[in-house]
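One structure is given below, encoded as structure tokens.
The values are calculated or read from the model by the stated rules, or taken from the named source; none is laboratory data. Keep in mind that this is a model prediction, so the values were computed, not measured. Glycine also receives a Cβ, built like all others from the backbone with ideal geometry; neighbour counts cover every protein chain displayed. Ligands, DNA and RNA are excluded from the accessible area calculation, which covers all protein heavy atoms including side chains. Shrake-Rupley method; radii C 1.70, N 1.55, O 1.52, S 1.80 Å.
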Amino acid sequence: MTALADMTDTGKLATYNFAYLDEQTKRMIRRAILKGIAIPGYQVPFASREMPMPYGWGTGGVQVTAAIIGPDDVLKVIDQGADDTTNAVSIRAFFAKTAGVETTTATAEASIIQTRHRIPEMPLTEGQVLVYQVPIPEPLRFLEPRETETRKMHALEEYGLMHVKLYEDIARNGHIATTYAYPVKVEGRYVMDPSPTPKFDNPKMHRSEALQLFGAGREKRIYAIPPHTEVVSLDFEDHPFEVQHFDQPCALCGGEQVYLDEVVLDDRGGRMFVCSDTDHCENRCAAGHRGELAGDDLFDGKDKGVETEAST
Amino acid sequence: MQAATSHSIAYQGEFSDPVRGAQSVFRAVMDATARPGSIHQLADLCTPPAPLTASAAAIIATLADAETPVWLDSALARSEAVRDWIVFHTGAPVTVHQDEASFALVAAPQSLAALNGFSLGTQEYPDRSTTLILQVSDLTKGAALVLEGPGVNGTASIAPSPMPLHFAAQWRDNRAGFPRGVDLILAGPGCVAALPRTTRLAQREA
Amino acid sequence: MYVAVKGGEAAIANAHKLLAARRRGDRQVPALTLEQIAGQLALAVDRVMGEGSLYDPELAALAVKQARGDLIEAVFLLRAYRTTLPRFGHSEPVDTGKMVVERRISAVYKDLPGGQLLGPTFDYTHRLLDPDLAGDQPCEPPAAETDSGEPITRVSDILSSEGLIEDDPVSDPSAPVADITRNPTEYPMGRDGRLQTLARGDEGFLLALAYSTQRGYARSHPFVGEIRIGEVDVEVMMPELGFAVTIGRIKLTECQMVNQFKGSSKAPPQFTRGYGLVFGQAERKAMAMSLCDRALRATELGEDIVAPAQDEEFVLSHCDNVQATGFVEHLKLPHYVDFQAELDLVRRMRAEHAAREDADGFQTGDTREAAE
């Protein structure tokens, strides 16, 4: 009965360690990160902790970020490419509170970027760390649900099943039907799940300047891709890997060769396509680029974004 | 209690700010591992009993705890003060078996017999391997190693000294067993570099 | 546009204010105290302690209150707190043979040393809603039983003294005990890790699996050897002192299931065991756990694995309700980037399909639209 007295009398629960995790947990995660970097694409088991947000909501990414972040870091958190999605806001607030670090929405200013489902459009640079939130780290899981089996397949480098699956897609649909979480081979050895990013982002992983760390909290796995590392999307000679292509540019910034979100404007089929990477879009607009639906008044001041347009 | 001096040495010399010290040293080790050949300054150091160096002590204090047995080379194992310091500040058990060590601390790399006596992990769990922390006196003035592999843009160069005998051949063997193998952390004076198992030594000299 | 709204922080803060207001409910009604929850909703509190794997009735009551009575949410709150606590050490094994029992029943003997003690049970109540409970009617004090001092021998000990039941599965006493909160899962799991996982597993999930074994999916002919509920001392070894010191007392429910006998040409037949042990009064959970434990011993006992309850990876990797609820509920997070990728592919494939049909000269009209 003393714990509650501690909480209420001394406010003990309000005083967490820097970045929430205790030092022993951080050490355990740090060791796993180093092994992950040394064995690119291999999923290192780690003793994931319960976090104050639910499993499946970024606990792996949060634990990785908490283990690496220091007082001088500048943190950016995105979900679906956007800094202002509710879960990104929540995770950013968590670190602002528990680590007191500076946060930013500007990709170029961040030293650590935690992401769910996207890689920023702007090429990342040396010294930046991209931390991915991963729901199911095992690329073979949907082919073989048993951990005991998939572990053997990785050990023996036995990835035929994955190719069979992709080829069955082609036979049935004329296309590889995997559009996100598209499997990659890292440095010619491990087949790896890039997390549920659209395959549009896969080429950005290849020989990136940034260190890429992946955290899967519920599944208790950490893996990594060091900078300048070969990351090749699986494909076939007669069906080479290709990324999504959008027929029109971003309606706000006019950007091309970027990933777009479809925003439904009305119930009569009206829709617009806008950048999923909100920072990229804002930067382009600030530099004077305009898409066809961007009104001149749209980006006055700091209050700019999709919502204004979508709700008109 | 009778070895009062040894004990007082053992109880001192930790990071002045353990949370911040461990974070900054870890980031240096992480960046060094992610970019083989790059040298990173250690902003926070420990002051351990000799022959354990300030850098190696900071790294072991950052990474080791009760869950990670530590092996010491004979130069370090001879010093009771070093053993006490490690046990007191990290809680890590000291082991005499190379193949059950999570970390190996090596004060005299030139006397290290072989890399393959350490745990190399298994094909299914290659992460269950020993990480060697080599105390080197220099990272730029020894025999040059030209590095290739993940983390290296083209080639990189580093010249640590001293290094284990026949290092190039030993490292080639280590690389050949991938994904099994050991990883090296090179603890220089106030700085750190790393050679993860993926790093290849290029044939030509720098 | 629930995701892309600017000012997400304000929206979150407002939602949380609304949550706090709804939790408080009608302000004309007094707020619940933790004593009321711990005292009058004790079984909810016990379940939260068990699945939260933290024995602290007051904190569990707070979690129930904070979670508005959502017990899985309360379990999650308690777990997230538990994980921040420093680990000082581990206790000695508790001795349930020395339990101060409040309830003890056996289904395999009519009477036995220590007797059958019903205790505070719903069993044999008629499930008729009781209007008296709507108010605060005085309730009759229970008859106080004088302790006969008779030792309450565990039924499994009675059976094993005759060699009728297998010995407790052998484990190396010098080996460190698994800790599923400190080590990543690895299959096959030892029985220690498995029992830990089951003990904090979801009651509903384990109940359904246990039920499935009774209906023929890995039948094990179970008998309740014994259920006992009561308090045991928790002791911690003090290396400085050289002996164990009692640091407190916890309430436990233990279920020993006596199952299908087994024998061979070499060994005489013996009954087998299934074991359940849970914090607090949690009889349904302890019984379900013991049936699942027995089913999961299939490999060890040389039985064919034919049913879900026997499948270690399946049972153990899905029984944790904190993990399960997190991942199921994460589907409500925005997924529009991936959905866009799927939309794009489906539209493209539909266009190709239409082009093929046109080329083939078929006029499919509206039926093509309905084909998805």
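Observations on the model:
- Taking the criterion of being within 15 Å of C:ARG273 (Cβ to Cβ) and not hydroxyl-bearing (Ser, Thr, Tyr), the residues of segment C:137-161 that qualify are C:ARG154, C:VAL155, C:ASP157, C:ILE158, C:LEU159.
- Helices (runs of 4 or more DSSP H) completely within segment C:272-361 that count 1 or more residues being within 14 Å of another protein chain (Cβ to nearest Cβ) and under 19 Å from C:GLN196 (Cα atoms): C:312-316, C:321-329
- So C:THR83, is it under 30 Å from A:GLU23 (Cβ atoms), open to solvent by less than 80 Å² (accessible area, probe 1.4 Å) and modelled with pLDDT of 85 or more: yes
- Checking the stated criteria, A:ILE176 turns out to be open to solvent by 10 Å² or more (accessible area, probe 1.4 Å) and within 14 Å of chain C (Cβ to nearest Cβ).
- Of all residues assigned to segment A:128-144, at least one qualifies as being aromatic (Phe, Trp, Tyr) and modelled with pLDDT under 95.
- Considering segment C:68-80, the residues that are more than 12 Å from chain A (Cβ to nearest Cβ) and more than 15 Å from C:ASP46 (Cβ to Cβ) include one that is least open to solvent (accessible area, probe 1.4 Å), namely C:ASP70.
- Scanning segment B:49-81 for residues that are among the β-branched types (Val, Ile, Thr), part of a loop (DSSP other than H, G, I, E, B) and open to solvent by less than 30 Å² (accessible area, probe 1.4 Å) returns a single hit, B:THR68.
- Residue in segment B:147-157 that is of a type in the set (D, E, K, R), out of contact with any Lys or Arg (no Cβ under 6 Å at 6 or more places or on another chain) and touching a residue at least 24 places away in the same chain (Cβ under 8 Å) present: no
- The residues of segment A:41-81 that are closer than 30 Å to B:GLU124 by Cβ and not in a loop (DSSP other than H, G, I, E, B), listed by number, are A:VAL44, A:PRO45, A:THR59, A:GLY60, A:GLY61, A:VAL62, A:GLN63, A:VAL64, A:THR65, A:ALA66, A:ALA67, A:ILE68.
- Considering (1) touching a residue at least 12 places away in the same chain (Cβ under 8 Å); (2) in contact with a strand residue (DSSP E or B) (Cβ under 6 Å, 6 or more places away or on another chain); (3) within 14 Å of chain A (Cβ to nearest Cβ), the lone condition that C:PRO184 does not fulfil carries the number (1).
- Segment C:323-343, subset touching a residue at least 40 places away in the same chain (Cβ under 8 Å) and open to solvent by 40 Å² or more (accessible area, probe 1.4 Å), residue nearest to A:ASP79 (Cα to Cα): C:TYR336
- Applying the condition of being at pLDDT below 95 and of a type in the set (Ser, Thr, Tyr) to segment C:166-207 and asking which residue is farthest from C:ALA309 (Cα to Cα) yields C:SER174.
- Taken over segment A:234-259, the criterion of being under 17 Å from A:HIS117 (Cβ atoms) and either modelled with pLDDT of 95 or more or of a type in the set (Ser, Thr, Tyr) (or both) is satisfied by A:VAL258, A:TYR259.
- Matching residues, segment A:264-282, being closer than 29 Å to A:GLU109 by Cα, surrounded by fewer than 23 Cβ atoms within 10 Å (Cβ to Cβ) and either modelled with pLDDT under 90 or in contact with a Leu (Cβ under 7 Å, 6 or more places away or on another chain) (or both): A:PHE273
- Restricting segment B:112-129 to residues that are part of a loop (DSSP other than H, G, I, E, B) and of a type in the set (A, V, I, L, M), the residue that is nearest to B:ASP173 (Cα to Cα): B:LEU115
- Close contacts from segment C:8-21, counting a first residue that is open to solvent by less than 70 Å² (accessible area, probe 1.4 Å) and a second that is among the hydrophobic types (A, V, I, L, M, F, W, C), with Cβ to Cβ under 7 Å and a gap of 6+ residues or different chains, come to C:GLY8/A:VAL89; C:ALA11/C:VAL5; C:ILE12/A:VAL89.
- Residue list for segment B:59-85, filter: free of Cβ contacts under 8 Å to residues at least 60 places away in the same chain and among the small types (Gly, Ala, Ser): B:ALA61, B:ALA64, B:ALA66, B:SER74, B:ALA75, B:ALA77, B:SER79
- Scanning segment A:185-203 turns up one or more residues that are farther than 25 Å from C:GLU313 by Cβ, assigned to a loop (DSSP other than H, G, I, E, B) and open to solvent by 40 Å² or more (accessible area, probe 1.4 Å).
- Meets criteria (open to solvent by less than 70 Å² (accessible area, probe 1.4 Å), within 22 Å of the chain's Cα centre (by Cα) and acidic (Asp, Glu)) for C:ASP320: yes
- Per-region count, segment A:102-129, residues farther than 15 Å from A:ARG92 by Cβ and among the small types (Gly, Ala, Ser): 2
- Odd one out for C:VAL234, checked against (1) of a type in the set (A, V, I, L, M); (2) at pLDDT 95 or above; (3) open to solvent by 40 Å² or more (accessible area, probe 1.4 Å): (3)
- Boolean, C:LEU252 is closer than 30 Å to C:MET99 by Cβ, open to solvent by 10 Å² or more (accessible area, probe 1.4 Å) and in the same structural domain as C:VAL101 (by TED's automatic domain parsing): no
- Residue in segment C:208-222 that is at pLDDT 90 or above, within 17 Å of the chain's Cα centre (by Cα) and surrounded by fewer than 18 Cβ atoms within 10 Å (Cβ to Cβ) present: yes
- All conditions in (1) at the interface with another protein chain (Cβ under 9 Å from one of its Cβ atoms); (2) open to solvent by 10 Å² or more (accessible area, probe 1.4 Å); (3) aromatic (Phe, Trp, Tyr) hold for A:PHE94, with the sole exception of (1).
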